[in-house]
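Step one of this worksheet: look at the structure below.
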Amino acid sequence: MIGSTWSHAVARPMARLLAGLGVGANLLAGLRLSAGLLAAFCLLPGTPAGNHWGGWLWLSVVPLNRLYKEIAQVTGLATTDSFVDELACLAFFAAMGFGQRHSILGVEAIPIGMLSGIALLMSFDFSAALRQRQKSFVIAPLRRLGLAADDLLVVFAPLAWLDWLAQTLIVTVLGGTIIALLSGWRLWRLMAQEHRAESDSPLKKGDR
Amino acid sequence: MTMRQPVPAGFRRIVRLFAVGAAGLAVAGCNHSPSQDILGSFFPAWMLCAVAGLLSTLGVRQILLRTGVDRFVPLKLIVYFGLAVSLTFICWLIWFSN
């Protein structure tokens, strides 16, 4: 089993059903990437109609994301490749920034959009790496609520419908950067501790 | 079957002149091109911003490499390229947007 969150529990029976119908993980991964890039494309003009459609498409991306991984698991293609998710996420935020260039943020929205995508990806990946070593301060509280970190991406769909994307960008760039920096710093400290413990160990490579 | 009439050479020349003139009008948009005097040579501002963005990204990468966190960075090529572009834009907005 890949995960034990609410979204995994919902996706698992659907994945079994789809796998029985001959739907492959690659097809769903392709659909997920297309929907993500299309959602990003819809956000580019920054119009309310574009944001509305972008929000709907993004809403379809999150279950597809879970579903293709579950199908890969069911059909024995245990995949840990998250290239598709990360590329779509980065494109979505870069497009959000470009679309908000006429908002209160002005042209500053373009680099803010790119930076928020990068910060969000880094915070996700650093937190996942941290979780493998000890309890992550981001993932552990979410797990207690039965959620995975990437389930939070679904929040961006209603924010797009409400046309709160400029505010979303500010919160994401600040929050994502702070979480990425803190997670990166903790990872560095943990790796330094591991390295020190290895070098202090009486069973060094030469002594074995 | 109808025969196409050959386009007179004079007409073709007028169209070409008009197209070149119209393209020249678009150059008016390039009147704001800030540049910086560095040791007597004028460098376009975008080039300096690109260099600043690139150097800042290299600095960030060096920090991540030294700390060992770089191996957890996703989609390295795209992320570092995006970081360089973002920092270039930020440099431009800070120094030359007005």
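The values are calculated or read from the model by the stated rules, or taken from the named source; none is laboratory data. Because the structure is a prediction, the values reported are computed rather than measured. We place every Cβ from the backbone using ideal geometry, glycine too, and count neighbours over all the protein chains shown. For accessibility, only protein heavy atoms count, side chains too; no ligands or nucleic acids. Shrake-Rupley method; radii C 1.70, N 1.55, O 1.52, S 1.80 Å.
Data for the structure
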| read-out | value |
| --- | --- |
| So A:ALA197, is it surrounded by fewer than 15 Cβ atoms within 10 Å (Cβ to Cβ) and more than 10 Å from every other protein chain (Cβ to nearest Cβ) | yes |
| For A:LEU77: the one exception among (1) of a type outside the set (Gly, Ala, Ser); (2) open to solvent by 40 Å² or more (accessible area, probe 1.4 Å); (3) modelled with pLDDT of 90 or more | (3) |
| Flag for A:LEU115 being within 10 Å of another protein chain (Cβ to nearest Cβ) and either open to solvent by less than 10 Å² (accessible area, probe 1.4 Å) or not in a helix (DSSP H, G or I) (or both) | no |
| Residue list for the stretch B:53-88, filter: open to solvent by 20 Å² or more (accessible area, probe 1.4 Å), more than 7 Å from chain A (Cβ to nearest Cβ), within 25 Å of A:ARG189 (Cα to Cα) and of a type in the set (Val, Ile, Thr) | B:VAL60, B:ILE63 |
| Identity of the residue in the stretch A:154-166, touching a helix residue (DSSP H, G or I) at 6+ places or on another chain (Cβ under 8 Å) and open to solvent by 10 Å² or more (accessible area, probe 1.4 Å), that ends up farthest from A:TYR68 (Cα to Cα) | A:ASP163 |
| Entirely in chain B, the helices (runs of 4 or more DSSP H) that have 3 or more residues that are farther than 25 Å from A:GLU108 by Cα and of a type outside the set (Val, Ile, Thr) | B:9-26, B:45-67 |
| Condition met for A:ARG66 (crowded, with 21+ Cβ neighbours inside 10 Å and out of contact with any Asp or Glu (no Cβ under 6 Å at 6 or more places or on another chain)) | yes |
| Residue count, the stretch A:130-149 (criterion: out of contact with any Phe, Trp or Tyr (no Cβ under 7 Å at 6 or more places or on another chain) and part of a helix (DSSP H, G or I)) | 10 |
| Elements of type helices (runs of 4 or more DSSP H) contained in the stretch A:11-112, each with 2 or more residues being more than 14 Å from chain B (Cβ to nearest Cβ) | A:25-43, A:48-74 |
